[in-house]
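Everything below concerns the one structure shown next.
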Amino acid sequence: MSELLLAALAKVIDPELRLPITDLGMVAATAIDGAKATATIKLTVVGCPAAARIEADVVAALESVPGVETTAVTMSVMSAEERAELRNKLRAGKPPRTNPFGADTLTRVYLIGSGKGGVGKSSVTANLAVALAQAGKRVGLIDADIFGFSIPGQLGLGGAGQAVKPTRIDDLILPPVAYGVKVISIGMFLDSNQPVAWRGPMLHRAVEQFLTDVHWGDLDFLLVDLPPGTGDIAISLGQLLPTAQTVVVTTPQVAAAEVAERSGSVGLQTGQKVFGVIENMAWFENIDGSRLELFGSGGGLAVANRLAELQGSPVPVLGQVPISIPLREGSDSGEPIVAEHAGGSGSEDAASMALKEIAAKLALNPLGLAGKKLKLSV
């Protein structure tokens, strides 16, 4: 009977680590006495934010076992030795502070940038990440816009000074999960909405920690929301993520397009191929179906053509995202428009459909395996 209890508990997934609690050493004991099942669960840290959810899932799992009518679950905390064992297991033998997205990574990495602010880059990035996750992909999202972070709020993880705090297993940071996406942002470490006034070396260290100190696990995709422009962070990430490809977000406006070209150019200088261009705020659709091009037209194609010349290979326009009130409302409320629960006009919104189509193109981009070690076992 104890085997049945463990089999049921193996279906309980830790919300932060995304692994069965039985694999993480969190099940300390199980027993059954008549129709009563009991279990002792060890959380990774005191005050674990996922404690209530884990307990509820454990109770549901025990109640699913045939013959069980009542349950009793005791929640405790791992010892220092048990946490150390878990850390080593999560690192899979790799030393601490290892960048998992180096030259041999099997994760497809996209640096999503723009030449200037205000073009909707962060909203596009957040929705692309959620769309990929809802397509069954394992997705991570780094909010590298240190000075103008907004990703936590857009994914319902709290605004500035109120963002969900990551759980730490000693020196290992567990990224909060929203809509199936693992997320990290400097906003999760601030206690107020005070500005971040850092110089180059501190910025480099911050983005490096996002890569090395965060437990990302095995990801299919890592999206990075870059700050606008071509500053220190873009250069640092270009060096730290050698397999990354750049996606440039612009508007149709000529002035914005000219600046966006520089964003893609800096990626070429640090070795990143430009994967494509996204034209956001492409038009506003009137009630009668006609289109009002508030910011002009042709900016996305102009950027793609100029970057293709610089790169020496084609750069496509991945898609045009129209101006959308539901998209704006979803970004403000922390409910991405592409999320399955969007419902109503959001589920059929033209911007939502455009973003899902772009996400599908990102997913279809083949991963180059030449010279890489495959994670296979015999």
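Some points to look at:
- Looking only at residues in the stretch 1-18 that are modelled with pLDDT of 90 or more and not in a helix (DSSP H, G or I), the one that is nearest to Arg91 (Cα to Cα) is Asp14.
- When we screen Phe275, Phe284 for residues that are crowded, with 20+ Cβ neighbours inside 10 Å and either aromatic (Phe, Trp, Tyr) or in contact with a Cys (Cβ under 7 Å, 6 or more places away or on another chain) (or both), the only hit is Phe275.
- Test: Leu237 is at pLDDT below 85 and under 29 Å from Ala360 (Cβ atoms): yes
- Flag for Ala72 being of a type in the set (Gly, Ala, Ser), over 24 Å from the mean Cα position of the chain (by Cα) and over 26 Å from Asp225 (Cα atoms): yes
- A residue that is assigned by TED's automatic domain parsing to the domain that holds Val181, out of contact with any Pro (no Cβ under 8 Å at 6 or more places or on another chain), at positive phi and modelled with pLDDT under 90 cannot be found anywhere in the stretch 250-272.
- For the stretch 23-68, the candidate set comprises residues that are more than 33 Å from the chain's Cα centre (by Cα) and β-branched (Val, Ile, Thr); within that set, the residue that is surrounded by the most Cβ atoms within 10 Å (Cβ to Cβ) is Thr30.
- None of Ala103, Ala84, Ala80, Ala72 is within 30 Å of Ala37 (Cα to Cα) and loosely packed, with under 13 Cβ neighbours inside 10 Å except Ala80.
- Gly298 passes every criterion in (1) of a type outside the set (D, E, K, R); (2) touching a helix residue (DSSP H, G or I) at 6+ places or on another chain (Cβ under 9 Å); (3) under 28 Å from Leu157 (Cα atoms) apart from (3).
- Given (1) within 14 Å of Leu211 (Cα to Cα); (2) surrounded by 14 or more Cβ atoms within 10 Å (Cβ to Cβ); (3) not assigned by TED's automatic domain parsing to the domain that holds Gly238, index of the condition Ala144 fails: (3)
- Remark: Val119 falls outside the filter, which requires a residue to be aliphatic (A, V, I, L, M) and at pLDDT 90 or above.
- Take the conditions (1) under 20 Å from Pro316 (Cβ atoms); (2) of a type in the set (Val, Ile, Thr); (3) in a helix (DSSP H, G or I); Ile233 misses just one of them, which is (1).
- Scanning the stretch 302-324 for residues that are in a strand (DSSP E or B) and aliphatic (A, V, I, L, M), we see that the one that is surrounded by the most Cβ atoms within 10 Å (Cβ to Cβ) is Val321.
The values are calculated or read from the model by the stated rules, or taken from the named source; none is laboratory data. These numbers come from a predicted model, not from an experiment. We place every Cβ from the backbone using ideal geometry, glycine too, and count neighbours over all the protein chains shown.
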